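FYI, it's all coordinate maths here, none of it is from the lab. A quick note: this is a predicted structure, and the numbers were derived from the prediction, not measured. As a convention, Cβ positions derive from the backbone with ideal geometry for all residues, glycine included, and neighbour counts pool all protein chains shown.
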Amino acid sequence: MSSDQTPATSADSPHEDRAGRSGQDSPFRSERTARDEAPQYVLPLVVRVERAAPPARTDALETAARAVLVILSDERSLGEGAWARAIRDWQDARIRKVVRRARGAEWRRAEALPGITVTGKSAEVRVFPPVPLEGWPKDLARLQVSGTELDDPEPPIEADPMAPVLWLNPDLEMSAGKAMAQAGHGAQLAWWALSDEERASWRDAGFPLAVRTADPSRWGELTASGLPLVRDAGFTEIAPGSCTVVADHPALRHS
């Protein structure tokens, strides 16, 4: 499932603009801006969904969020790395992420392409460097976007209050693919808002995080907290400007 947002910072020093915390000039906007005129790129994410053993929904969301952080922090995405130009071009336009599903031979073909596979408890998600919106590799372009419906066999345990939590809007119904893309957006906003030291600490710890649906009674408080907030562009599933995720990283909480 695709999801489109608009950034306001560069790839190499995004934390210099902490607008994601204040919401005054968020890197993820639904309004049309000059970035819509730039060449459009998309970050492909492929989730492995085998018929006999599909991943749990929450684990897939968390693994997708970590996959975004892994590629953003990879040395190939930084400086003069092999993926750095693609990352910069992607972030200079809208922040688009598309989640597709694969199984069997489809997954093996996807794994043969340049990218990074991130493994959760039950989920495997492979993230690839950004590609032109209309220029997907054929082995990814043929994969299905729709139908990524996943369930949690058991209710997720309560999130660790000392760890980053990506809170989903309790009033929105999203497919698993859409929610994976939104969780990725939230993780990316948190990453941009952190200092170099804070990002290094998170990376060195293996990007611990949780994705949970917020309690309806607390959602208003979260969206007004100044924490990074994702507003969806509204191209798929939900209305433009919908608040989808609040990125609650301990380093970004107000004292």
Checklist outcome for this item: Scoring only Lys, Arg, Asp and Glu (+1, +1, -1, -1) among other residues with Cβ under 13 Å from the Cβ of Met162 yields -2
Checklist entry - Relative to the present Cα-Cα distance, how much length would full extension add between Glu221 and Ile116 at 0.36 nm per residue of separation? => result 34.2 nm
Item to check | Length added when fully stretched, Asp89-Ala205, from 0.36 nm per residue minus Cα-Cα | outcome: 38.9 nm
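Listing Lys121, Lys138, Lys97 from the residue with the fewest other Cβ atoms within 10 Å to the one with the most, what is the order?
With the fewest neighbours first, Lys121, Lys138, Lys97 line up as Lys138, Lys121, Lys97.
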Item to check | Alpha carbon Rg of segment 136-255, scaled by the compact-globule rule 2.2 N^0.38 Å | outcome: 1.13
Checklist entry - So, in nm, how far is label Lys138 from label Arg76 when the simple model puts each one 7 Å beyond its Cα toward the Cβ? => result 2.2
Item to check | Förster-model FRET efficiency, 45 Å R0, Met162 and Ala105, C-beta, rounded to 0.05 | outcome: 0.60
Checklist entry - Could you give the Stokes-Einstein D for segment 59-114 in µm² per second, using the C-alpha Kirkwood radius, 4 °C, 1.567 mPa s? => result 100
Item to check | Under 18 Å from the Cα of Lys178 - lysines, other chains or at least 8 residues apart | outcome: Lys97
Checklist entry - DSSP loop trypsin sites (Lys or Arg not before Pro) in segment 159-255 with at most 15 other Cβ atoms within 10 Å of their Cβ, which ones? => result Arg253
